[in-house]
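**Student:** Here's a structure for you.
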Amino acid sequence: MIDKLFNEYQAKINARLDILLSESDKQYDEVVRAARYSLISSGKRIRPILMLEFYKLCGGDDDCAYNFACALEMIHTYSLIHDDLPCMDNDDFRRGKPSCHKQFGETMALLAGDALLTEAFNAASRTIGIPAGRIVEALTVLSANAGINGMIGGQVIDLINTEQISADDTVQMYLLKTGALINSATVCGAILAGADEQQRKNAAEYAEKLGLAFQIIDDILDAEGDESVLGKPVGSDSKNDKKTLVARFGIEKCREFAHTLTKEALAALDKFEGNKENLVAITEFLLSRKY
Ligand code: GRG
């Protein structure tokens, strides 16, 4: 079931991304080729899929929300391109192929990331078929989550992630660098569908639990995953002396944390009326994922 669901979503998301960031023969189009190289790829598309599922759960018609969903994937891909740069985590592979800077050089990779971030907001603001007030509200949530008090703040904590960092700081870092964009997915999906305050709170609670579980699983895969399945090098965290929760508590304890958080995410999901079958399957898949 999950494979079919992912295949159908990925095909539609990839087709829209292809349109939103299409190549031309302009003299400056090298930046588009670099951005497309990372964007049109084997990424799981978890964030747009979550957004579209929450949009439907709260009563939306999925076809209207695709531009917004693709904007999430563009922001996520920009963060991966920049995160791989030598001045950040310095990783040579991503999504099963050389990282953007290995293929296009550091300057073009930097610009490709910048372009994706900016074009994401252009794409999201060109959402049609949804009341403008909801789009503005969702853009406010998206920009806050991508900004200083969201993903950027999390990345800053990550860069200063040393022996001195406390477990609470690490959790805060996970909530910001990974959880914030997942919060955008669930809460923006709810907002665009016209969800009430309680539904938005439930969507945020689900995102918080799932975001933490997602990052813990990411850390476990970095410690003991299979590079050929993962599509990126393992051991990046220990290479960069990152004090992850896995480094602090070990793999088995972290697996337990991820299980508990997944249960809590499912409990938050249970507060919604309507068909949650797909979201339950996605949540469970993310706990057992190998890539
Ligand atoms: C602005 C430099 C800069 C960074 C932005 C968060 C972040 C901030 C950079 C780090 C990228 C990173 C490792 C984030 C953690 C989130 C995460 C687990 C990413 C991997 O997401 P998946 O598994 O990847 O969804 P695919 O390739 O499937 O999309």
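**Student:** I need a count of the residues in segment 188-234 that are assigned to a helix (DSSP H, G or I), away from the ligand (no atom under 16 Å from the Cβ) and open to solvent by 20 Å² or more (accessible area, probe 1.4 Å).
**Tutor:** Number satisfying all stated conditions: 7.
**Student:** Scanning segment 57-88 for residues that are at pLDDT 95 or above and within 22 Å of Glu273 (Cα to Cα), which turns out most open to solvent (accessible area, probe 1.4 Å)?
**Tutor:** Going through the qualifying residues, I end up with Gly59.
**Student:** Condition check: among the basic types (Lys, Arg), part of a helix (DSSP H, G or I), within 16 Å of the ligand (Cβ to nearest atom) and touching a residue at least 60 places away in the same chain (Cβ under 8 Å). Does Arg33 satisfy that? Please lay out each step first, then the result.
**Tutor:** Details: among the basic types (Lys, Arg): yes; part of a helix (DSSP H, G or I): yes; within 16 Å of the ligand (Cβ to nearest atom): no; touching a residue at least 60 places away in the same chain (Cβ under 8 Å): yes.
So Arg33 fails the test.
**Student:** If you don't mind, another one. Hey, any hits in segment 122-140 for a residue that's within 15 Å of the ligand (Cβ to nearest atom) and surrounded by 15 or more Cβ atoms within 10 Å (Cβ to Cβ)?
**Tutor:** No, because not a single residue in segment 122-140 is within 15 Å of the ligand (Cβ to nearest atom) and surrounded by 15 or more Cβ atoms within 10 Å (Cβ to Cβ).
**Student:** Would you check if Lys253 is farther than 22 Å from Met151 by Cα, open to solvent by 20 Å² or more (accessible area, probe 1.4 Å) and out of contact with any Pro (no Cβ under 8 Å at 6 or more places or on another chain)?
**Tutor:** On the way: farther than 22 Å from Met151 by Cα: yes; open to solvent by 20 Å² or more (accessible area, probe 1.4 Å): yes; out of contact with any Pro (no Cβ under 8 Å at 6 or more places or on another chain): yes.
Taking the combined requirement at face value, the residue satisfies it.
**Student:** Only residues that are within 7 Å of the ligand (Cβ to nearest atom) and either in contact with a Ser or Thr (Cβ under 6 Å, 6 or more places away or on another chain) or part of a loop (DSSP other than H, G, I, E, B) (or both): list them for segment 72-93, please.
**Tutor:** Selection gives Met88 alone.
**Student:** How many residues are in contact (Cβ under 8 Å) with a residue 24 or more places away in the chain, part of a helix (DSSP H, G or I) and among the hydrophobic types (A, V, I, L, M, F, W, C) if we restrict to segment 11-30?
**Tutor:** 3
**Student:** Which of (1) in contact with a Cys (Cβ under 6 Å, 6 or more places away or on another chain); (2) assigned to a loop (DSSP other than H, G, I, E, B) is the odd one out, the single condition Ala138 does not satisfy?
**Tutor:** (2)
**Student:** Does Gly153 count as surrounded by 21 or more Cβ atoms within 10 Å (Cβ to Cβ) and either within 11 Å of the ligand (Cβ to nearest atom) or small (Gly, Ala, Ser) (or both)?
**Tutor:** Spelling it out, it is not the case that Gly153 is surrounded by 21 or more Cβ atoms within 10 Å (Cβ to Cβ) and either within 11 Å of the ligand (Cβ to nearest atom) or small (Gly, Ala, Ser) (or both).
**Student:** If only one of Phe93, Phe104 is more than 23 Å from Ile182 (Cα to Cα) and surrounded by fewer than 22 Cβ atoms within 10 Å (Cβ to Cβ), which one is it?
**Tutor:** Phe93
**Student:** Taking segment 153-187, which residues are without any contact (Cβ under 8 Å) to a residue 12 or more places away in the chain and part of a helix (DSSP H, G or I)?
**Tutor:** Those that are without any contact (Cβ under 8 Å) to a residue 12 or more places away in the chain and part of a helix (DSSP H, G or I): Val156, Asp168.
**Student:** Let me ask you something else. Restricting to segment 235-250, name every residue that is among the small types (Gly, Ala, Ser), part of a helix (DSSP H, G or I) and either open to solvent by 80 Å² or more (accessible area, probe 1.4 Å) or away from the ligand (no atom under 14 Å from the Cβ) (or both).
**Tutor:** Ser238, Ala247
**Student:** Which residues, taken from segment 1-19, are within 26 Å of Val32 (Cα to Cα) and open to solvent by 70 Å² or more (accessible area, probe 1.4 Å)?
**Tutor:** Once the filter is applied, which keeps residues that are within 26 Å of Val32 (Cα to Cα) and open to solvent by 70 Å² or more (accessible area, probe 1.4 Å), segment 1-19 yields Asn7, Glu8, Lys12, Arg16, Ile19.
The values are calculated or read from the model by the stated rules, or taken from the named source; none is laboratory data. From a predicted model like this one, the values you see are computed outputs, not experimental measurements. Virtual Cβ from ideal backbone geometry, glycine too; neighbours counted across all protein chains shown. Side chains are part of the model used for accessible areas, which takes the heavy atoms of the whole protein and leaves out ligands, DNA and RNA. Shrake-Rupley method; radii C 1.70, N 1.55, O 1.52, S 1.80 Å.
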